[in-house]
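Report on the following structure.
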Amino acid sequence: MRAARKAGEFLLICTFVTIACANSLCQESLNTSPGRSLVKTEAVEYLFPEQVSIPAGKPSPVALHFRIHQNLHINSHTPRAEYLIPTVFSVPEASGVKLAGAAYPAGTDFTLPADPDEKLSVYTGDFTIQAKMVATPGNHLVEAKLRYQACDQTQCLPPKTITVPIDVIGK
Amino acid sequence: MKRNTIVIGITFVILATFAWAGWANWMYRKQAAEHALASASRAELIPVTPGDVPDGGASLTGKPAPNFTLEDLSGKKVSLSSFKGKPLLINFWATWCGPCKIETPWLVEIQNEYGPKGLQIIGISTEGDDLKPDDKEGWAHDKTAIAKFVKEEHMQYTVLINGDSLATEYGGLDAMPTSVYVDKDGKVVAMQLGISSKEDMEAHIRKAMGEGQ
């Protein structure tokens with residue numbers, strides 16, 4: 001009976017040690033920080049959806065999710081000053097899909113340290129555009145576009161148009 | 001017997017908790033690592049201090065300012081060499097750039113104050129749209145926007161267009177504003193990316209003018 005209890009205790013300790021080791025291994029294997037690349041690519045990343053299925057011929061809502069790189073902001077769809085470039089989503093003609101409308105999120109107020117009196121209307125972090133699309137029947141690989149202009153607190157990148165690839169299935 | 005069952009039960013709960021904690025921790029770190037990897041390949045404006053240039057652009061400080069010939073809004077060709085012997089502030093800006101809009105009044109004041117002492121500011125519009133020479137509509141659109149900006153901001157110093165064509169020579173011009181301070185011998189004494197303050201700009205100008213050395 002005592003031997004069985006001892007064996008049980010040993011087994012229990014072994015289990016604890018195994019789990020603890022596995023935990024620390026998991027942490028180490030994922031803790032490796034990637035090499036920091038300062039190559040300038042996109043300030044805005046399209047997240048999802050990659051594919052949507054909508055009823056053919058009917059305006060259907062499609063929520064498009066984007067992410068803005070940390071420390072950057074882009075002008076909202078309705079910037080407060082005329083000289084600022086608004087964020088605009090578009091769908092090319094003859095892609096089998098028409099953009100019937102797009103609802104943009106409201107911008108958040110933002111001020112540059114060099115001019116705390118002027119409020120800008122911007123997007124930061126993740127944002128979603130609620131598009132209404134009309135598709136003809138069939139499978140359409142749409143290369144939609146998002147035009148934006150990004151800045152950080154002291155400098156601005158040139159305006160950019162990125163491709164937003166969406167596989168739209170009209171049923 | 002009952003005691004053994006309780007001990008086994010408690011042991012099982014503890015083990016299950018450990019296993020769950022390990023799994024949750026692994027999932028969290030996996031997601032964090034994926035996010036970090038994704039972030040590493042995304043765009044980043046590099047924080048700068050006065051005088052710095054980004055990794056992507058070669059520093060011009062200490063080197064002769066690259067010569068150029070650009071047009072002004074009236075179509076007249078203007079070369080950097082025509083300002084030989086003058087301390088210069090070459091300011092690359094764009095009509096869509098908020099920080100440029102903030103610093104332009106400072107530039108106007110600086111030109112008024114230091115102009116009589118010999119300083120010349122050259123504002124070079126750099127719209128970032130890489131227009132082809134034969135894109136008449138594009139150039140007309142750009143010129144209209146630039147002229148409007150120049151008028152609204154009372155820019156009475158030299159303004160040239162098509163700064164994009166100087167990107168290679170001037171360190172990439174990846175972001176606006178970019179200011180290059182040149183002494184009377186044509187040597188770049190400082191290069192500043194982004195907006196800082198009027199005081200910083202004046203300090204660089206005094207350096208370009210050979211004051212306080």
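The values are calculated or read from the model by the stated rules, or taken from the named source; none is laboratory data. Owing to the predicted nature of the structure, the values given are computational and were not obtained by experimental measurement. Counting neighbours? That spans all protein chains shown, and the Cβs are built from the backbone with ideal geometry, glycine included. These area figures cover heavy atoms from the full protein model, side chains too; ligands, DNA and RNA do not enter into them. Shrake-Rupley method; radii C 1.70, N 1.55, O 1.52, S 1.80 Å.
Of the numbered conditions (1) more than 14 Å from every other protein chain (Cβ to nearest Cβ); (2) small (Gly, Ala, Ser); (3) open to solvent by less than 30 Å² (accessible area, probe 1.4 Å), residue B:98 satisfies every one except a single condition; which is it? Failed condition: (1). Only one entry of B:187, B:132, B:136 meets the criterion of being surrounded by fewer than 18 Cβ atoms within 10 Å (Cβ to Cβ) and at pLDDT 95 or above, and that entry is B:187.
Note on the stretch B:166-184: residues that are open to solvent by less than 30 Å² (accessible area, probe 1.4 Å) and part of a loop (DSSP other than H, G, I, E, B) total 8.
hydroxyl-bearing (Ser, Thr, Tyr), within 29 Å of residue A:52 (Cα to Cα) and either within 11 Å of another protein chain (Cβ to nearest Cβ) or open to solvent by 30 Å² or more (accessible area, probe 1.4 Å) (or both): is that true of residue A:128 in this structure?
Judged against the criteria, residue A:128 is a match.
Picking from residues in the stretch A:69-89 that are under 17 Å from residue A:47 (Cβ atoms) and facing chain B (nearest Cβ under 8 Å), the one that is surrounded by the most Cβ atoms within 10 Å (Cβ to Cβ) is A:72.
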